[in-house]
Amino acid sequence: MFDKMTLIPFTLFSLILICSLSIPNLVHCKTLKRDVKALNEIKASLGWRVVYAWVGDDPCGDGDLPPWSGVTCSTMGDYRVVTELEVYAVSIVGPFPTAVTSLLDLTRLDLHNNKLTGPIPPQIGRLKHLKILNLRWNKLQDAIPPEIGELKSLTHLHLSFNSFKGEIPRELANLPDLRYLYLHENRLTGRIPPELGTLQNLRHLDVGNNHLVGTIRELIRIEGCFPALRNLYLNNNYFTGGIPAQLANLSSLEILYMSYNKMSGVIPSGVAHIPKLTYLYLDHNQFSGRIPDPIYKHPFLKEMYIEGNAFRPGVKPIGFHKMLEVSDSDFLV
């Protein structure tokens, strides 16, 4: 039997041995070869503004070399993997780097404000852990790939200020966690898929400045649709028809932006029953008649723009007409 003096050195020796075996595994953890290969392919395709900051062959850092700028890595088991890639506003020129789709552990991909061209490759659907995809302010073209609908963890999708064409894929309705969908300033055509209304967490939908058609009635035809939607931007398209009374069922709506369309008819008093409505933009359509008095008495309505319609004389706006600006930072939470 060991006495106390014998037990203490034995325990201390055991602790030192365990630490000596475990610490090297943490410090010298290797980066997964798949990610090293993918990032070096991307490095070879990028412009000098990025490459100068990407020193060495290991994007997660190697020895005295730090991780590459814009690359975030995490430890998974015995390896390091790339979980975030943020390379924006550095004038990247050329096609979307397909090698990105080999970074299977990405949770954030941010390549906004560059000069990327061509389509988003269908392999984008491989990034099953992706939560934020930000490709706004590029020169991307062709159709939005339906494979984006396979990114089940996605919460933020920024595709605005590109040259996407074709219809909005209804597969986007397969994204259960999607909160923010930015598609404005493209060349999209057709109708907004009403299936988007089944997204239980969608807070912000912006399809402004496209070539979309259809009616609001079609958009909200699914019972219980858009339960969390706060901001709906439909401006600068070719929407027709009137404002249906059922719009009052969108009880979370705060901003309704319908300017510069071809909508018509009278404004229903049911609009006053949208409890949190704060900004209402009706201008530059073909609405007529009067604005119901209950709308003017709405407790939260700060601004209502009405010019460029056929309202009866005496119909007045609410608030001062200024450009509504909502910062992207308001939605990156």
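The values are calculated or read from the model by the stated rules, or taken from the named source; none is laboratory data. Values in this document were obtained by computation on a predicted structure and should not be read as measured data. Using ideal geometry, Cβ is built from the backbone for each residue, glycine included, and neighbour counts are taken over all protein chains shown. Heads up: the accessible areas ignore ligands, DNA and RNA and are worked out on the full protein's heavy atoms, side chains in. Shrake-Rupley method; radii C 1.70, N 1.55, O 1.52, S 1.80 Å.
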Here is a list: ARG49, ARG34. Which entry is at pLDDT 90 or above and in a helix (DSSP H, G or I)? ARG34
Within the stretch 241-257, track down each residue that is under 13 Å from THR278 (Cβ atoms) and either touching a Lys or Arg at 6+ places or on another chain (Cβ under 8 Å) or open to solvent by 10 Å² or more (accessible area, probe 1.4 Å) (or both). SER252, LEU253, GLU254, ILE255, TYR257
Are any residues in the stretch 144-165 of a type in the set (A, V, I, L, M) and either under 13 Å from the mean Cα position of the chain (by Cα) or over 16 Å from LEU181 (Cβ atoms) (or both), and if so, which ones? ILE148, LEU151, LEU154, LEU157, LEU159
The stretch 288-333, subset at pLDDT 95 or above and part of a strand (DSSP E or B), residue surrounded by the fewest Cβ atoms within 10 Å (Cβ to Cβ): ALA310
Filtered residues of the stretch 149-197 (kept if in contact with a Ser or Thr (Cβ under 9 Å, 6 or more places away or on another chain), open to solvent by less than 60 Å² (accessible area, probe 1.4 Å) and touching a residue at least 60 places away in the same chain (Cβ under 8 Å)): TYR180
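Sort out which residues of the stretch 258-286 are in a strand (DSSP E or B), within 18 Å of PHE311 (Cα to Cα) and either free of Cβ contacts under 8 Å to residues at least 40 places away in the same chain or open to solvent by 20 Å² or more (accessible area, probe 1.4 Å) (or both), and write them in order of number.
Once the filter is applied, which keeps residues that are in a strand (DSSP E or B), within 18 Å of PHE311 (Cα to Cα) and either free of Cβ contacts under 8 Å to residues at least 40 places away in the same chain or open to solvent by 20 Å² or more (accessible area, probe 1.4 Å) (or both), the stretch 258-286 yields SER264, GLY265, LEU280, GLN286.
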Is at least one residue of the stretch 126-144 touching a Lys or Arg at 6+ places or on another chain (Cβ under 8 Å), open to solvent by less than 10 Å² (accessible area, probe 1.4 Å), farther than 23 Å from TYR233 by Cβ and in contact (Cβ under 8 Å) with a residue 12 or more places away in the chain? yes
Filter the stretch 61-80 for residues that are surrounded by fewer than 20 Cβ atoms within 10 Å (Cβ to Cβ) and within 25 Å of THR155 (Cα to Cα) and give the result. SER69, GLY70, THR72, SER74, THR75, MET76
